[in-house]
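Peer 1: Would you mind keeping the following structure in view while I ask a few things?
The values are calculated or read from the model by the stated rules, or taken from the named source; none is laboratory data. Please read all numbers here as calculations on a predicted model, not as lab measurements. Every residue, glycine among them, receives a Cβ derived from its backbone with ideal geometry; neighbour counts consider all protein chains shown.
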Amino acid sequence: MAGGRDRVAYLLKQLQRASCMCPAHSHAYSQGIEHAALGKTDYAFEMAVSNIRYGEGVTKELGMDLQNLGVKNVCVMTDNNLCQLPPMKAVLDSLTKNGVNFQIYENVMVEPTDQSPESDFLDYVNAPIGKGKPVRVTLKPLIAVPTTAGTGSETTGVAIFDYKELKVKTGIASRAIKPFLGIIDPLHTLTMPERVTANSGFDVLCHALESYTALPYNQRSPCPSNPMNRPAYQGSNPISDIWAVHALQIVAKYLKRAIRNPEDQEARAGMHLASAFAGIGFGNAGVHLCHGMSYPISGLVKNYKAKDYNVDHSLVPHGLSVVLTSPAVFTFTAPMCPERHLEAAQIMGADISTAKTKDAGLILADTLRKFLFDMNVDDGLAALGYSKSDIPALVKGTLPQERVTKLSPRPQTEEELSALFEASMKLY
Ligand SMILES: [Fe+2]
């Protein structure tokens, strides 16, 4: 029974934390646990990052990049909304000025579904929902121009979609699909409405918190026998840590300002960079429970209409769906790496001078709740229309999200997932 085995590993780890941590003893003991209980763990990690270019107005260079690449035909993908806005105008101006041949596809859905792509792409979707096959072909160069400050997708090889049949979100995570170039132009964030700024900013917040507290890469198993099979999401690692902590510091400094004042260019530009910083971190370390639990929260949406999103269907924006469980999740994961949870709380403004390690989770959770309350965030899953009777379906939708749930520093049973959803019904 996998749950039982994880439980044993967890208990052994707790014992290990309570015992001698000197290198001579703890090393041998921890190796013993991992090999006996979890199988052989990885010993290496890899950083894969897109080329990125940052600067106010830098979108004007896009046409030259495409010329330099020698491309003959460019597909410009956007949505109906952005088509009318300055970011799209900047893109088209640059393409026209540089004589680039292009066609516009403007029907991209906000948070797309499995019906959006045409080919049988389940081969590449994460197992166990898809076949999780490695991408072996070279794809056409993709240049990403982010118009929100949240996903960090310009830096990562992760693409998420809504799988209608299962009513969950899942994705393809492969280094092969990371953009050839990310063009980060902070001018594009100035047209973001208030709630889009807030929700995309919460996504950055969770990317940073989850990647910093994820299972360390050298405790993840199995160890791949071929580097091609090492997952994009590898667990926390010393390089991703740097990016996550830095992103969190920027979020603490600028997110509230960026939400409150659309004309605060310094704050909005800061968040645009924070999104990329967090993307570089989590794109290699991964995320865990807030994201794993968010996919059914979005997929099972009832009648919730997100304010400021110009769409004609019910939608729980991604950043909102991840952040609502964050107080419960970090209370749950804190015992596995309390110092990191305390450090995160401190960066977010908590006074931890007299804090006890055992209270790390509660302190971070309280800090997050206060932050969300200040930012007028809905009061938990209940405010989105969910009730206790939805919890079994929410848990069922979380279980297949192993790509991320297995990166939680603390393994979780179905009962524990239920408790996490229940604790997230109301926040304040
Ligand atoms: Fe996210």
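Peer 1: Restricting attention to region 110-129, and to residues there that are free of Cβ contacts under 8 Å to residues at least 40 places away in the same chain and over 25 Å from residue 71 (Cα atoms), which single residue is surrounded by the most Cβ atoms within 10 Å (Cβ to Cβ)? Talk me through it step by step, then tell me what you get.
Peer 2: Taking region 110-129 first, the residues free of Cβ contacts under 8 Å to residues at least 40 places away in the same chain are 118-120, 122-123.
Still in the running and over 25 Å from residue 71 (Cα atoms): 120, 122-123.
Values: 120: 7, 122: 15, 123: 12.
Top of the filtered list is 122.
Peer 1: Does residue 67 fit the bill of being of a type in the set (S, T, N, Q), farther than 28 Å from residue 226 by Cα and either at pLDDT below 90 or part of a strand (DSSP E or B) (or both)?
Peer 2: no
Peer 1: Could you please find all residues in region 49-62 being crowded, with 17+ Cβ neighbours inside 10 Å and of a type in the set (Gly, Ala, Ser)?
Peer 2: 50
Peer 1: Also, I was wondering about something else. Just give me the residues in region 280-339 being closer than 14 Å to residue 381 by Cα, within 16 Å of the ligand (Cβ to nearest atom) and not aliphatic (A, V, I, L, M), in sequence order.
Peer 2: 290, 294, 295, 296, 298, 299, 317, 318, 319, 321, 325, 326
Peer 1: Now for a different question. Which of the residues spanning region 270-302 are outside any helix (DSSP H, G or I) and in contact with a Gly (Cβ under 7 Å, 6 or more places away or on another chain)? Don't jump to the end; show me each part of the working.
Peer 2: Residues of region 270-302 that are outside any helix (DSSP H, G or I), as a first pass: 286-288, 300-302.
Within region 270-302, 286, 300, 302 qualify.
Peer 1: Another one. Residues that are more than 15 Å from residue 420 (Cα to Cα), at least 1 per element: which helices (runs of 4 or more DSSP H) completely within region 303-397 meet that?
Peer 2: Values: elements: 318-323, 326-333, 338-347, 360-374.
In region 303-397, the matching helices (runs of 4 or more DSSP H) lie at 318-323, 338-347, 360-374.
Peer 1: Hey, another quick one. Report, by residue number, each residue of region 192-207 that is within 14 Å of the ligand (Cβ to nearest atom) and either free of Cβ contacts under 8 Å to residues at least 40 places away in the same chain or of a type in the set (D, E, K, R) (or both).
Peer 2: 203
Peer 1: All but one of (1) modelled with pLDDT of 95 or more; (2) exposed (fewer than 11 other Cβ atoms within 10 Å of the Cβ); (3) of a type outside the set (Asp, Glu) hold for residue 28; state the number of the condition that does not hold.
Peer 2: Among (1) modelled with pLDDT of 95 or more; (2) exposed (fewer than 11 other Cβ atoms within 10 Å of the Cβ); (3) of a type outside the set (Asp, Glu), the lone unmet condition for residue 28 is (1).
Peer 1: Also, I was wondering about something else. Have a look at 205, 248, 190, 209 and point out the one that is at pLDDT below 95, within 22 Å of residue 271 (Cα to Cα) and part of a helix (DSSP H, G or I).
Peer 2: Numbers: 205 fails: at pLDDT below 95; 248 fails: at pLDDT below 95; 209 fails: at pLDDT below 95.
It is 190.
Peer 1: Answer yes or no as to whether residue 219 is crowded, with 23+ Cβ neighbours inside 10 Å and away from the ligand (no atom under 16 Å from the Cβ). Break it down stepwise before answering.
Peer 2: Details: crowded, with 23+ Cβ neighbours inside 10 Å: no; away from the ligand (no atom under 16 Å from the Cβ): yes.
Taking the combined requirement at face value, the residue does not satisfy it.
Peer 1: Hey, another quick one. Please verify whether region 173-187 includes one or more residues that are in contact with a Lys or Arg (Cβ under 6 Å, 6 or more places away or on another chain) and either farther than 27 Å from residue 292 by Cα or among the polar types (S, T, N, Q) (or both).
Peer 2: The answer is yes; a qualifying residue exists.
Peer 1: Let me ask you something else. So which residues in region 398-421 are in a loop (DSSP other than H, G, I, E, B), touching a Gly at 6+ places or on another chain (Cβ under 8 Å) and closer than 16 Å to residue 127 by Cβ, if there are any at all? If you could, list the steps in order and put the result at the bottom.
Peer 2: Taking region 398-421 and keeping what is in a loop (DSSP other than H, G, I, E, B), we get 399-401, 406-413.
The next check asks that each one be touching a Gly at 6+ places or on another chain (Cβ under 8 Å); those that pass are 401, 407-408, 411, 413.
Scanning region 398-421 gives 401, 407.
Peer 1: Shifting gears a bit: When you scan region 154-162, do you find a residue that is away from the ligand (no atom under 16 Å from the Cβ), in a loop (DSSP other than H, G, I, E, B) and not aromatic (Phe, Trp, Tyr), even just one?
Peer 2: Here is the first cut: in region 154-162, the ones away from the ligand (no atom under 16 Å from the Cβ) are none.
Scanning region 154-162, I find no residue that is away from the ligand (no atom under 16 Å from the Cβ), in a loop (DSSP other than H, G, I, E, B) and not aromatic (Phe, Trp, Tyr), so the answer is no.
Peer 1: Tell me whether region 200-208 contains one or more residues that are surrounded by fewer than 24 Cβ atoms within 10 Å (Cβ to Cβ), in contact with a helix residue (DSSP H, G or I) (Cβ under 8 Å, 6 or more places away or on another chain) and within 22 Å of residue 127 (Cα to Cα). Explain how you work it out, then say what you get.
Peer 2: To start, the set of residues in region 200-208 that are surrounded by fewer than 24 Cβ atoms within 10 Å (Cβ to Cβ) comprises none.
No, region 200-208 has no match at all.
Peer 1: Going residue by residue through region 165-174, is there one that turns out to be small (Gly, Ala, Ser), over 28 Å from residue 324 (Cα atoms) and more than 14 Å from the ligand (Cβ to nearest atom)?
Peer 2: Pass one, region 165-174, residues small (Gly, Ala, Ser): 171, 173-174.
In the following step, the residues that additionally are over 28 Å from residue 324 (Cα atoms) were identified as none.
Looking through region 165-174, none of the residues is small (Gly, Ala, Ser), over 28 Å from residue 324 (Cα atoms) and more than 14 Å from the ligand (Cβ to nearest atom).
Peer 1: Quick one: residue 228 ticks every box in (1) outside any helix (DSSP H, G or I); (2) modelled with pLDDT under 95; (3) farther than 26 Å from residue 384 by Cβ bar one, so which box is it?
Peer 2: With respect to (1) outside any helix (DSSP H, G or I); (2) modelled with pLDDT under 95; (3) farther than 26 Å from residue 384 by Cβ, residue 228 is out only on (1).
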